[in-house]
Amino acid sequence: MEITKEKAARTITSKAGQMHQLITELFPICRSITGDGVAQTLNIIKRDIPLTIHKIPTKTKVFDWEVPKEWNIKDAYIMNSRGEKIVDFAKSNLHVVSYSVPVDRSVTLRVLKEHLHTLPEHPDWIPYRTTYYKEDWGFCMTHNEFKKLTDDVYEVCIDSSLKDGYLTYAEYCIPGETSEEVLISTHICHPSLCNDNLSGISVATFLAQELRRRKLRYSYRFIFIPGTIGAITWLSMNESRVKNIRHGLVAALLGSDGSFTYKRSALGNAEIDQVVEAVLKKRGVDHKIVDYSPYGYDERQFCSPGFNLPVGSLTRTSFGQYPEYHTSADNLELVKPGALEGSLQIYREVINMLESNKRYINTNPKCEPNLGKRGLYNMVGGDEEGKDFQFALLWVLSLSDGNRSLLEISKRSELDFDLISKAARELYEHQLLLEL
Amino acid sequence: MEITKEKAARTITSKAGQMHQLITELFPICRSITGDGVAQTLNIIKRDIPLTIHKIPTKTKVFDWEVPKEWNIKDAYIMNSRGEKIVDFAKSNLHVVSYSVPVDRSVTLRVLKEHLHTLPEHPDWIPYRTTYYKEDWGFCMTHNEFKKLTDDVYEVCIDSSLKDGYLTYAEYCIPGETSEEVLISTHICHPSLCNDNLSGISVATFLAQELRRRKLRYSYRFIFIPGTIGAITWLSMNESRVKNIRHGLVAALLGSDGSFTYKRSALGNAEIDQVVEAVLKKRGVDHKIVDYSPYGYDERQFCSPGFNLPVGSLTRTSFGQYPEYHTSADNLELVKPGALEGSLQIYREVINMLESNKRYINTNPKCEPNLGKRGLYNMVGGDEEGKDFQFALLWVLSLSDGNRSLLEISKRSELDFDLISKAARELYEHQLLLEL
Amino acid sequence: MEITKEKAARTITSKAGQMHQLITELFPICRSITGDGVAQTLNIIKRDIPLTIHKIPTKTKVFDWEVPKEWNIKDAYIMNSRGEKIVDFAKSNLHVVSYSVPVDRSVTLRVLKEHLHTLPEHPDWIPYRTTYYKEDWGFCMTHNEFKKLTDDVYEVCIDSSLKDGYLTYAEYCIPGETSEEVLISTHICHPSLCNDNLSGISVATFLAQELRRRKLRYSYRFIFIPGTIGAITWLSMNESRVKNIRHGLVAALLGSDGSFTYKRSALGNAEIDQVVEAVLKKRGVDHKIVDYSPYGYDERQFCSPGFNLPVGSLTRTSFGQYPEYHTSADNLELVKPGALEGSLQIYREVINMLESNKRYINTNPKCEPNLGKRGLYNMVGGDEEGKDFQFALLWVLSLSDGNRSLLEISKRSELDFDLISKAARELYEHQLLLEL
């Protein structure tokens, strides 16, 4: 017994460790919405799950947008007149504003400053900045280093390229009994930032690994996409497939110690909204539920009025609500192995409830069926659990009209979802329910 | 004046006394879900109201069930080796588990104990137990007597019979102006227990007696049925008639001092639900309103999803919520004459409100009608009641669209139901309303 | 700058003063539901706005009513035996019960008293009384004067006429881009009473003057009508036009210091109800919102079930809720210039919001449109207002499904209506919205 517990503890530690290890391996890569960094990232994930990689050419029309040029970068620095590299891309890929055009020139301090970004309120952190849709260049640095800059002539070099190429994304679909799909989407466009969003990538990857080994009712589609333009591109490429999506989650910000935040779909009371809320409540973890708003991550696209998919976003501390967000402090120390595994656990339970949350029709709706003759009437005096199970049988029979899900029956009856689910299986076995 | 008051008081006392007297007469009879006890009971009620008695043969298929064998019992006892009857059916019919098969044998104390039921927490009370759907036998006794049992050989005798026969129930329909029905159902299957449910039988009987003498809008159907199997049998025999039922109440547990409990129909906001709630509120009596659940009395069958009738349950202290429930302490002392009459009073007021709670259409919906030319505009300064009546006229005109009932108009206007009802009659007399 | 402020202050003062001046001019006229006083009143208003005056003959059938006889009065008094006029119509037109039939006779004190009305609780005030629908006569006087009456023979003279003639009302319609109308109704039947309702007349007149000079989306119909019978007559004469009314307000009681009261339309959540509530909330003024009831002013007719128009009533201290109501104390001191102008300001803002509160359809509903390429993506760090404007753009795109108004989007997004409205105009300019 002692031994089994210890072994279980080791296994748990090991899963948490593996989740953090994947983040550690992906951390140094310079990702953006296009470019080699994305491809490298997907190749590493592909060792664990059989991703299909899609490459969409620059200028492809995707709804109101077009696929941008591909951006790649080899090196970048700012050098002072003494030949010292005072900012060096080799030390952190956050130093260069993402999508900076190539530059190689000498500039005065005044001109240089127009291209520098710092965080005066966090003088030791490097900010993360992008210029995807405006051709420009820039560097990010700590405010402490910035304050040391003297009146000098600086050589600035960004050895980048911005030309026609591809936007790359990947997907992996695990087929279930039905073609109805659960969509798990995570963004892969951030460079050396851990919580946003290597944590999402790690949770999605490990969740997919688990689900591969299970018998599933729904099909599960995992997509690894650059933020915004990636979601728009995926939706544009898969418009006809969207009708199969029954539930979905945008997975991000899952590695910090923060409590959970669930942002509802724009529908507001979709089954996924009910299920996530029920799981968080049942687990007794600190959490908050917020209504949909049209800013955040890729739920903005999935929930746009032309799609209005039942897709919510399940994160820990949410989008922009922690100081390290989009800075060099969102690093390998910010994300905790235990927090990653805790997030995976919640995602797993959400899926378990989705899988079980069926709708039935009572095949014998006129009066109660005779449970006794089927051996289902066992209410022995004093047996509280048995009594609750009897009640669960009666509630499921009473409310199974084909419209109410088991979760709704659980809420109405104030009986635990698992007990209701067990009662439904029992009644189904005795042909007292038809599954829808 | 003084004399009239006194006489009224005597009449009231007399009604309460008669209600208790009926219970006293019915108390000794050994009822069960079938058998002679039921027939005897119905014959006594038939003296007061012209019941029609129905006998349904054993094995008749009723939905998912079949009518059980008929059970009768002549005598039963446990005798010790000294020839002393230590448990004797003649003393209380609760001593025998209802539906016990015949038995006549000698048993050791160990074997006997497997067939004995007691209430250790109430050592002076005999529990009430049944074994309707499993052929078995047993005795119930006080725990104090049980503790005196010594290692001995006991003769156990149950002179019962369980064979093909009939399930008996009765009904009485009082025709009204319309074929729309109000159903009052009460169960008649309990042996010497008073609150559950001789009190329900008494209230239903006296209510039916009153209604016979009134001009009624609805037809009233009273049914006296064994619990569960009786309701199932009645529904099965009357499936085509069910469509006429507009409102219904399951009457039980109406004799104790407890405050009222109204359990809503499964519909949740049927007119009967609104009316009972309004009457209890208006009367200012202690009460609670609870949502439907699929356990309790025969509302379980009437509200089963295949029927989903607007039938609630109006009791005092509810099902299983008082210690004497299903024990020998539910006796002639537990039920009080005043409580019985108070229950009858509430039932009467519910029926009064149902009868008055009509829907009208304003025949003159464009602008206010000229009330003055009809002598309906009498708002004399300082006359609060006259003013409220004016308001009532205006509210009824304003809201009578054919959908809203007078009770709904009373709630919206915050004016008393009787005032609204009086205003509606006045407007109807002046042809300003059409009755629906 | 200083000068402009001062000038502005003078202009404001001037408007408030003009509003009060109009009331002062109208105050002495003896109005009733018919008669010359109404015509005189409308002729004065006509100097400011081009009223169309309608005269409807006595006995014209208007729904359940008919137009009453026309009432006019030249003089009236009560004279004691010493030849002193102890009550004199020339001093206050409130002294005569409106619609009193002619009388010229000598009466004892006892008989006289049957025709006198006073306010014992306010002994210095003269009450206002009418006898429109019952041929009768009477005088109103202060209770202090009443107490001085001695046993005497009094000559009572009412030099009035009650004969076939006309009911007079006026309307003024300001055409807008569409034939959809906003109705502003105010009653003109009260004699020398200021708050009720010369204040409503003044606010309606000045509002109409302002709107004449504006480009408007809706057409605005102002009606100046006698209470009750005037509204019934107008509805009867304009039954086919009523379908154009999209929103409406009954304007009255707008001159006292009291806080605002908005009485909802019978619909309860019409757009006018939402808009007035939003304006009062946004302005931060003390106010209360009350549900519709079928007593009050002419909303009773507009909201009667046969019309059920979206017409609310926006007053200050409401109908009958202030002591001076319907007494001689509702005079030129009770109404304040500043209060009148404050009321006008609220009406103006209600109209501004109605004009702006459009519904749009997102022309690009699949994913977000590319705001950047249209120069609409300017979220500069640290610019809170710019950020809120970005959010407003996204919310309008997200919720513009053709059903939701901008006000509803403002509530859902918790962003200011004007910001939402500005965002909608910007998106409309860029053809990202279609106007409905």
Taking segment C:333-358 only, how many residues are of a type in the set (Gly, Ala, Ser) and surrounded by fewer than 18 Cβ atoms within 10 Å (Cβ to Cβ)? 1
Determine whether B:Gly165 is within 14 Å of chain A (Cβ to nearest Cβ), in contact with a Ser or Thr (Cβ under 7 Å, 6 or more places away or on another chain), more than 30 Å from B:Val350 (Cα to Cα) and among the small types (Gly, Ala, Ser). no
Please verify whether segment B:176-195 includes one or more residues that are surrounded by 14 or more Cβ atoms within 10 Å (Cβ to Cβ), within 17 Å of the chain's Cα centre (by Cα) and assigned to a helix (DSSP H, G or I). yes
Residues in segment B:80-97: is at least one at pLDDT 95 or above, within 14 Å of chain A (Cβ to nearest Cβ) and surrounded by 21 or more Cβ atoms within 10 Å (Cβ to Cβ)? yes
Flagged pairs (Cβ under 8 angstrom, 6 or more apart or on separate chains; first in segment C:251-263, touching a residue at least 12 places away in the same chain (Cβ under 8 Å) and aromatic (Phe, Trp, Tyr); second surrounded by 22 or more Cβ atoms within 10 Å (Cβ to Cβ) and assigned to a loop (DSSP other than H, G, I, E, B)) are C:Phe260/C:Arg316
Which one of these does B:Ser318 not meet: (1) under 25 Å from B:Val97 (Cα atoms); (2) out of contact with any Lys or Arg (no Cβ under 8 Å at 6 or more places or on another chain); (3) touching a residue at least 60 places away in the same chain (Cβ under 8 Å)? (2)
Could we say that C:Leu397 is touching a strand residue (DSSP E or B) at 6+ places or on another chain (Cβ under 8 Å), closer than 24 Å to C:Ala278 by Cα, more than 10 Å from chain A (Cβ to nearest Cβ) and part of a helix (DSSP H, G or I) here? no
Quick check on segment B:66-85. Is at least one of its residues over 21 Å from B:Met141 (Cα atoms) and basic (Lys, Arg)? yes
For residues in segment B:299-339 being in contact with a Phe, Trp or Tyr (Cβ under 7 Å, 6 or more places away or on another chain) and of a type in the set (Val, Ile, Thr), which is farthest from B:Ile223 (Cα to Cα)? B:Thr327
For segment B:219-304, which helices (runs of 4 or more DSSP H) that fit wholly inside it have 1 or more residues that are among the charged types (D, E, K, R) and modelled with pLDDT of 95 or more? B:271-283, B:299-302
Kindly provide the set of residues from segment C:1-41 that are part of a loop (DSSP other than H, G, I, E, B) and at pLDDT 95 or above, ordered by number. C:Phe27, C:Pro28, C:Ile29, C:Cys30, C:Arg31, C:Ser32, C:Ile33, C:Thr34, C:Gly35
Considering only segment C:305-324, state which residues are closer than 21 Å to C:Val182 by Cβ, in a loop (DSSP other than H, G, I, E, B) and hydrophobic (A, V, I, L, M, F, W, C). C:Phe307, C:Leu309
Of the criteria (1) in a helix (DSSP H, G or I); (2) at pLDDT 95 or above, which one C:Asp388 fails: (2)
Of the residues in segment C:228-258, how many are crowded, with 24+ Cβ neighbours inside 10 Å and either within 26 Å of C:Cys30 (Cβ to Cβ) or of a type in the set (S, T, N, Q) (or both)? 12
Picked from segment B:277-321 (must be touching a Gly at 6+ places or on another chain (Cβ under 6 Å) and of a type in the set (Val, Ile, Thr)), the residue farthest from the other protein chains (Cβ to nearest Cβ) is B:Thr317
Looking only at segment C:310-367, how many residues end up being among the polar types (S, T, N, Q) and more than 20 Å from C:Thr205 (Cα to Cα)? 10
Please verify whether segment C:323-335 includes one or more residues that are in contact (Cβ under 8 Å) with a residue 40 or more places away in the chain and under 29 Å from B:Val396 (Cα atoms). yes
Count, please, the residues in segment C:42-79 that happen to be more than 14 Å from every other protein chain (Cβ to nearest Cβ), outside any strand (DSSP E or B) and either within 30 Å of C:Tyr154 (Cβ to Cβ) or without any contact (Cβ under 8 Å) to a residue 24 or more places away in the chain (or both). 4
Being within 21 Å of A:Tyr99 (Cβ to Cβ), out of contact with any Cys (no Cβ under 9 Å at 6 or more places or on another chain) and among the acidic types (Asp, Glu), is that true of even one residue in segment A:34-41? no
Please state which of the following conditions A:Ser160 fails to meet, knowing it meets all the rest: (1) more than 24 Å from A:Tyr220 (Cα to Cα); (2) more than 20 Å from the chain's Cα centre (by Cα); (3) not in a strand (DSSP E or B). (3)
B:Ile361 fails exactly one of (1) assigned to a helix (DSSP H, G or I); (2) of a type in the set (A, V, I, L, M, F, W, C); (3) at the interface with chain C (Cβ under 10 Å from one of its Cβ atoms); (4) closer than 30 Å to B:Leu183 by Cα, namely (1)
Tell me whether segment A:416-428 contains one or more residues that are at the interface with another protein chain (Cβ under 10 Å from one of its Cβ atoms) and over 30 Å from the mean Cα position of the chain (by Cα). no
Across segment B:112-160, the tally of residues that are in contact with a helix residue (DSSP H, G or I) (Cβ under 9 Å, 6 or more places away or on another chain), more than 26 Å from A:Tyr377 (Cβ to Cβ) and among the hydrophobic types (A, V, I, L, M, F, W, C) stands at 4
Of A:Ala251, A:Ala270, which residue is away from chain C (no Cβ under 14 Å) and farther than 25 Å from A:Arg129 by Cβ? A:Ala270
Segment B:93-112, residues that are in a helix (DSSP H, G or I) and of a type in the set (Val, Ile, Thr): B:Val111
Might you let me know whether segment A:328-341 holds any residue that is more than 14 Å from every other protein chain (Cβ to nearest Cβ), more than 16 Å from the chain's Cα centre (by Cα) and in a helix (DSSP H, G or I)? yes
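The values are calculated or read from the model by the stated rules, or taken from the named source; none is laboratory data. Quick caveat, the model's predicted, so the values are computed rather than measured. Here Cβ is always computed from backbone atoms with ideal geometry, including for glycine, and neighbour counts include all displayed protein chains.
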